[in-house]
Amino acid sequence: KAGVTQTPRYLIKTRGQQVTLSCSPISGHRSVSWYQQTPGQGLQFLFEYFSETQRNKGNFPGRFSGRQFSNSRSEMNVSTLELGDSALYLCASRRNRDVYSPLHFGNGTRLTVT
Amino acid sequence: EDQVTQSPEALRLQEGESSSLNCSYTVSGLRGLFWYRQDPGKGPEFLFTLYSAGEEKEKERLKATLTKKESFLHITAPKPEDSATYLCAVSNFGNEKLTFGTGTRLTIIP
């Protein structure tokens, strides 16, 4: 069974640009969450999508947005990039919104903002 | 607000030297405590879920335990391939997101 797939694996962008990251969840999984991982802050929750609707949102500015498609695939967009947005962005999926179920993570997209 | 604190930040052990990692948590109503392993350049890999105080789970050389305030990940006779960062996370009633600790970086020296 294929795991969570994130593309691209690496991105280098310049301040002020925008970026779109993609995530394909495990087949049959309808909930997709996004996390930002940095050395200082660890994993910080960005948002969760289920059935194409944002169900939960973390404490990030409006420059961070996302969406989910009918096939459960998800994209995350960051506009007006800042140096502090450099991080590993992780996507995770689970079958539904049952919080007793673990999240299954992809290997992330490493974003570097210069 | 949920809080998770992991200690130590880093731990170096000789191969075969058993030890424990700690995860202390503050949560309004625990639904689950999760342990993950993360290798460099990869996403976290799920290890265990614990739901209530007194529960224990085992997998190979790893055993996770849970009390009302903390969880321990015991590593028995570790091998170099156990080297990784171990992450702890909690979920609570009314909030489906996971709150993570910053992890313990474990290095097993041959």
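Of the beta bridges DSSP finds with both residues in the protein assembly as shown, what % are antiparallel, to the nearest 5?
Working: 76 of 85 bridges.
Around 90 percent antiparallel, to the nearest 5.
What FRET efficiency comes out for A:N59 versus B:T107 if R0 is 30 angstrom and r is the Cβ-Cβ distance? Round to the nearest 0.05.
E between A:N59 and B:T107, to the nearest 0.05, is 0.40.
With label points built 7 Å along Cα→Cβ from the Cα atoms of B:S7 and B:F72, find their separation and express it in nm.
With each label point 7 Å from Cα toward Cβ, the separation is 1.4 nm.
Chymotrypsin sites (Phe, Trp or Tyr not before Pro) within region B:52-110: which are DSSP loop residues with at most 14 other Cβ atoms inside 10 Å? Before the final figure, lay out the partial values.
Numbers: sites: B:F72, B:Y86, B:F93, B:F100; in loops: B:F93.
In loop regions of region B:52-110 (DSSP not H, G, I, E or B), the sparsely surrounded chymotrypsin sites (Phe, Trp or Tyr not before Pro) are B:F93.
Please compute the volume of the convex hull spanned by the alpha-carbon atoms of region A:18-66 and report it per residue in Å³.
Spread over its residues, the Cα hull of region A:18-66 gives 98 Å³ apiece.
Suppose each label sits 7 Å from its Cα in the direction of the beta carbon; what would the A:T38-A:Y10 distance come out to in nanometres?
2.2
Which residue fluctuates most in the GNM of chain A (Cα springs below 10 Å): A:G62, A:G28, A:G42?
A:G62
Mind checking which aspartates and glutamates have their Cα closer than 12 Å to the Cα of B:K79? Skip sequence neighbours fewer than 8 apart in that chain.
Hits, sequence-local ones excluded: B:E15, B:E17, B:E60.
As a quick test, which of the pairs B:K63/B:K97; A:K57/B:K59; B:K59/B:K97; A:K13/B:K42; A:K57/B:K57 have an alpha carbon distance above 29 angstrom in this structure? Let's see the in-between values first.
Details: B:K63/B:K97 24 Å; A:K57/B:K59 33 Å; B:K59/B:K97 25 Å; A:K13/B:K42 21 Å; A:K57/B:K57 31 Å.
From B:K63/B:K97; A:K57/B:K59; B:K59/B:K97; A:K13/B:K42; A:K57/B:K57, over 29 Å: A:K57/B:K59; A:K57/B:K57.
If you average the C-alpha positions of region A:49-76 and of region B:30-104 separately, how far apart do those two centres end up, in angstrom?
Cα centroid of region A:49-76 versus Cα centroid of region B:30-104: 26 Å apart.
Which log10 I(q)/I(0) values does the protein assembly as shown give at q = 0.08, 0.11, 0.16, 0.19 Å⁻¹ under the Debye formula, counting every alpha carbon as one identical point scatterer?
Here the Debye-derived log intensity ratios amount to -0.29, -0.54, -1.11, -1.42.
What ranking of A:T114, B:T104, A:T5 emerges when the number of other C-beta atoms within 10 Å of each C-beta is taken as an exposure proxy, fewest first? Mind showing how you got there, number by number?
Numbers: A:T114 10, B:T104 21, A:T5 14.
Ordered from fewest to most neighbouring Cβ atoms within 10 Å, A:T114, B:T104, A:T5 come out as A:T114, A:T5, B:T104.
List, in order, the whole-Hz ³J(HN,Hα) value for each residue of region B:64-74 obtained from phi through the Karplus relation with A = 6.51, B = -1.76, C = 1.60 and θ = phi - 60°; use x for Gly and Pro.
Values per residue, Gly and Pro as x: 10, 10, 9, 10, 6, 10, 7, 10, 10, 10, 8 Hz.
Rg/Rh for chain A to two decimals, with Rh computed the Kirkwood way over all alpha-carbon pairs. Don't skip to the end; give the middle numbers.
On the way: Rg = 13.3 Å, Rh = 14.0 Å.
Here Rg/Rh amounts to 0.95.
Once you sort the root eigenvalues of the Cα gyration tensor of region B:27-110 as a ≥ b ≥ c, which label holds: rounded (a/c under 1.5), prolate (a/b larger than b/c) or oblate (the other case)? Don't jump to the answer; show the numbers that get you there.
Numbers: a/c = 2.59, a/b = 1.55, b/c = 1.67.
Note, shape of region B:27-110 comes out oblate.
Filter the GluC sites (Glu not before Pro) in region B:1-97 to those in DSSP coil with at most 10 other Cβ atoms within 10 Å of their Cβ, and list the result.
Working: sites: B:E1, B:E9, B:E15, B:E17, B:E45, B:E55, B:E56, B:E58, B:E60, B:E70, B:E81, B:E96; in loops: B:E1, B:E9, B:E15, B:E17, B:E55, B:E60.
Loop-located and lightly packed - B:E1, B:E9, B:E60.
Would you mind listing how long region B:60-105 runs along its three principal axes, going by Cα atoms, in whole Å with the largest first?
39, 19, 15
If you average the sequence gap of Cα pairs under 8 Å that are 6 or more apart and divide by the length of region A:20-70, what percent do you get for the contact order?
Details: 64 pairs, mean separation 12.9, N = 51.
Computed value for region A:20-70: 25 percent relative contact order.
Taking 8 Å as the Cα distance limit and 6 or more residues as the minimum spacing, I'd like the relative contact order of chain B as a percentage. Walk me through the numbers before you get to the answer.
On the way: 281 pairs, mean separation 41.0, N = 110.
Taking the mean separation of contacting Cα pairs over the length of chain B, I get 37 percent.
Identify the chymotrypsin sites (Phe, Trp or Tyr not before Pro) of region A:8-114 meeting these criteria: DSSP loop state and at most 13 other C-beta atoms within 10 Å of the C-beta. Before the final figure, lay out the partial values.
On the way: sites: A:Y10, A:W34, A:Y35, A:F45, A:F47, A:Y49, A:F50, A:F64, A:F69, A:Y89, A:Y100, A:F105; in loops: A:F69, A:Y100.
Answer by residue number: A:F69, A:Y100.
Below 8 Å, C-alpha to C-alpha, sequence gap of six or more: please give me the relative contact order for chain A in percent. Intermediate results must be reported in sequence, preceding the final value.
On the way: 292 pairs, mean separation 41.8, N = 114.
RCO, chain A: 37 percent.
Here, each number is a calculation from the coordinates, and none is a lab measurement. What you see is a predicted model; the values in this text were computed from it and never measured. In this analysis, Cβ positions are derived from the backbone assuming ideal geometry, glycine residues included, and neighbour counts consider all displayed protein chains.
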